[in-house]
Each structure stands twice: as C-alpha cells, then as structure tokens.
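Data first, discussion second: the structure below is written as structure tokens.
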Amino acid sequence: MRHPNIVQYLEDFIDGNDTYVVMELCALGSMRSYVKRNGPLSDRAAAYVLRQIISAVKYMHREGVLHRDLSTGNVLISRIFSPEKISVKLCDFGLATHLRKGETACTVVGTPGYIAPQVFKQEYDQSADVYSMGGILYTMLTGSDPPSKG
C-alpha cells in the first residue's frame, strides 16, 4: 500500500531461520507515547492528526484492507512541524485482513478500549476501524485510554 500516512514497506529478507521486514523509520515514537509524555493534544492538533488517519483508513478500505488494530500505539509520529501540526503514519498491519464489500470478519482481535462492540459479536466490517478512530481521538483529547469492555 502506498499512502503518505501509512508506514512504507521497503523490503524483506531471510537470514538463516530468521525473516526480517524492513519498514520506513518513524523515530519520534507512537502517539500513545507522545500523549503520555506531553499530555492531551489541543483540539486543533487532534483534528490535524485525525484528518491524516481518516485519509489513510479511507485508502485502506478502498483497497479492501481492514486494519483491526487501530490505536494510538499504532499511530507513529513521522514529523512535528509545531505542537498544532503533527504528521503521523499508521503501522502494524499484523492483524489486518482483506475484506471485500459486503463481507464480514469474525475473529476477535485488537487493543482493549479501541475494539468496536460489533467485534465481540464476531461479525464486523470496516465500521470497526471507524469505531477505533473514535478511540484514538478520545485518547488524544483526554490523555487517557478509552474504557475497555468489562
């Protein structure tokens, strides 16, 4: 996948019994770490970040990819222009799956607090990623993780 807000795959190789995947470096860490260190984002900064996430998720969904683990831990900071302008990239597609329009997924996966209710019913679609974006916004604005299902 090629999108400015998705970490780019560069190459992979095998060395003996080990397989390595080389990805684009985002050395500024995750949004989760950033919020823990600096506190909640301003409304303006959170909106700036959320627009980038929405753009990446729309692209993924058009490509038939359901991320299934969107959380602040999987939003990497690629550049900080100012406290109000933080560029981000989505990462960690280890739980992602391909899903055609009209199909549903059934495996319960994700990060607690960011998992959509329909995932627990084991029948969900792209709307589960949309719910997770709400959890990301919650964390960026409050500095706390969203409540988890009991």
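Some points to look at:
- Residue match in the range 115-125 (condition: of a type outside the set (A, V, I, L, M, F, W, C) and under 26 Å from S33 (Cα atoms)): yes
- Counted residues, the range 89-111 - those being part of a loop (DSSP other than H, G, I, E, B), of a type outside the set (D, E, K, R) and surrounded by 12 or more Cβ atoms within 10 Å (Cβ to Cβ): 10
- Within the range 67-88, the set of residues being of a type in the set (A, V, I, L, M, F, W, C) and either more than 19 Å from V119 (Cα to Cα) or surrounded by fewer than 22 Cβ atoms within 10 Å (Cβ to Cβ) (or both) comprises V75, L76, I77, I80, F81, I86, V88.
- Set A46, A128, A56: member being of a type in the set (A, V, I, L, M, F, W, C), free of Cβ contacts under 8 Å to residues at least 60 places away in the same chain and either within 22 Å of V7 (Cβ to Cβ) or loosely packed, with under 14 Cβ neighbours inside 10 Å (or both): A56
- Residue check for I115: in contact (Cβ under 8 Å) with a residue 60 or more places away in the chain, surrounded by 18 or more Cβ atoms within 10 Å (Cβ to Cβ) and β-branched (V, I, T): no
- Between A56, A128, the distinction of being under 21 Å from L28 (Cα atoms) and outside any loop (DSSP other than H, G, I, E, B) belongs to A56 only.
- Subset tally (residues that are closer than 27 Å to A27 by Cβ, outside any loop (DSSP other than H, G, I, E, B) and in contact (Cβ under 8 Å) with a residue 40 or more places away in the chain) for the range 60-83: 11
- When each of Y9, Y59 is tested for being more than 18 Å from G135 (Cα to Cα) and modelled with pLDDT under 95, the lone residue that passes is Y9.
- The lone exception for I86 - which of (1) in a helix (DSSP H, G or I); (2) more than 11 Å from the chain's Cα centre (by Cα); (3) within 20 Å of C26 (Cα to Cα) it fails: (1)
- Within the range 111-144, the set of residues being charged (D, E, K, R) and either touching a Lys or Arg at 6+ places or on another chain (Cβ under 8 Å) or modelled with pLDDT of 95 or more (or both) comprises just one member, D129.
- The set of residues from the range 136-147 being of a type outside the set (D, E) and surrounded by fewer than 22 Cβ atoms within 10 Å (Cβ to Cβ) comprises L137, Y138, L141, T142, G143, S144, P146, P147.
The values are calculated or read from the model by the stated rules, or taken from the named source; none is laboratory data. Since the model is a prediction, treat every value here as computed from it, not as a measurement. Positions of Cβ are backbone-derived with ideal geometry, glycine not excepted, and every protein chain shown enters the neighbour counts.
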